[in-house]
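Encoded as structure tokens, the structure appears first; notes follow it.
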Amino acid sequence: MGLRIGDIAPDFEIDTTEGSINFHDWAKGSWVFFFSHPADYTPVCTTEMGRTAQLADEFAKRKVKPLGLSTDTVEAHKGWINDINETQNTQVEFPIVADKDKKVAKLYEMIHPGESETATVRSVFIIDPNHKIRLTMTYPMSVGRNFAEILRVIDALQTGDKHGIACPADWELGGDVIIPPTVSSEDAQKKFPQGFKTVKPYLRYTSVKDED
Ligand code: BEZ
């Protein structure tokens, strides 16, 4: 059975480009963007690593620590990071796991044999400060991930946790949010004194501000 939303992200000890880590200790108190890529020195992966590094301030603002992974060695990762920094005009400062024994890849089911028997696919786990898995996504080897979506879903999860709301399709930070059907209208009036719009009894919109 694979890992599912709501599961505790399994703990592990592993070598990374920033030294050996115990995952839960390293993640303590932070959100984590944990993502695998198929292999070092490959083009799509180079752009994804570069994008993650370029977005360092955006991740930090949201208290998110990125953690990459492939089944290459620390030495290979370090050599490749020089290429990423040079070609993507950035500095990779987040750790990349060297999972040469595929220990973590197996634990997190990042190898999908129909795609590759040996390399990890493009898995994403968004993990909250309680080590709970809040989102999973899996991309094929041939398609780079959309980092605007990764930041958007982190914003949506954090806004939902803070305000007890849900986010509609294509929601972006600052947009109207949805009052969950589990909240009665009476409770909604207390919880959302700014008001809300009832389109259907089960479809109610309100707005929330970061400082609310
Ligand atoms: C890439 O990163 O470009 C890539 C890696 C493995 C398979 C296909 C593409």
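Only the coordinates and a few stated rules stand behind these numbers; no lab work does. All of these numbers come straight from a predicted model, not from anything done at the bench. Heads up, the Cβs are rebuilt from the backbone with ideal geometry, glycines too, and the neighbour counts pull from every protein chain shown.
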Please label the shape of segment 36-100 as rounded, prolate or oblate, based on the square roots a ≥ b ≥ c of the eigenvalues of the alpha-carbon gyration tensor (a/c under 1.5 means rounded; beyond that, a/b larger than b/c means prolate, else oblate). oblate
For the chain, what is the relative contact order in percent, using Cα pairs closer than 8 Å and at least 6 residues apart in sequence? 21 percent
Tally Lys and Arg at +1 and Asp and Glu at -1 over the other residues with C-beta under 13 Å from the C-beta of M141: what net charge comes out? -1
From the helices alone, meaning DSSP H stretches of at least four residues, give me the mean residue ellipticity at 222 nm for the chain, per-run term -39500 (n - 2.57), in deg cm²/dmol to the nearest 500. -9000 deg cm²/dmol
Once the Cα atoms of segment 88-212 are picked out, what are the Rg and Dmax in Å? 19.3, 56
Global form of segment 27-68, assessed from the alpha-carbon gyration tensor, a/c cut-off 1.5: oblate
Within the under-12-Å Cβ sphere about N22, not counting N22, Lys/Arg +1 and Asp/Glu -1 give a net charge of -3
Summing +1 for each Lys or Arg and -1 for each Asp or Glu, what net charge is found among the other residues whose Cβ lies under 10 Å from the Cβ of P95? -2
What's the center-to-center distance, using Cα atoms, between segment 53-92 and segment 111-175 in Å? 18 Å
Computed for segment 1-153: size of charge dipole around the Cα centre, +1 on C-beta of each Lys and Arg, -1 on C-beta of each Asp and Glu, debye to nearest 20, value 620 debye
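Under the rule a/c < 1.5 gives rounded, and otherwise a/b versus b/c splits prolate from oblate, where does segment 13-158 land using the Cα gyration tensor?
rounded
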Karplus couplings for segment 180-193 from phi (6.51 cos²θ - 1.76 cosθ + 1.60, θ = phi - 60°), rounded to Hz, Gly and Pro as x? x, x, 6, 8, 5, 4, 4, 5, 4, 5, 6, 6, 10, x
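Could you work out the equivalent-ellipsoid semi-axes for segment 165-206, taking the square root of 5 times each eigenvalue of the Cα gyration tensor, largest first, in whole Å?
Details: eigenvalues 57, 25, 14 Å².
Rounded to whole Å, the semi-axes are 17, 11, 8.
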Phi angles of segment 197-204, converted by Karplus (6.51 cos²θ - 1.76 cosθ + 1.60, θ = phi - 60°) into ³J(HN,Hα) in whole Hz with x for Gly and Pro, give 10, 9, 8, 9, x, 9, 10, 10
In segment 13-158, how many lysine pairs have Cα atoms under 24 Å apart, counting only pairs 8 or more places apart or on different chains? 22
Phi to ³J(HN,Hα) by Karplus 6.51 cos²θ - 1.76 cosθ + 1.60 over segment 121-128, Hz, x for Gly, Pro: 7, 8, 8, 10, 10, 9, 10, 8
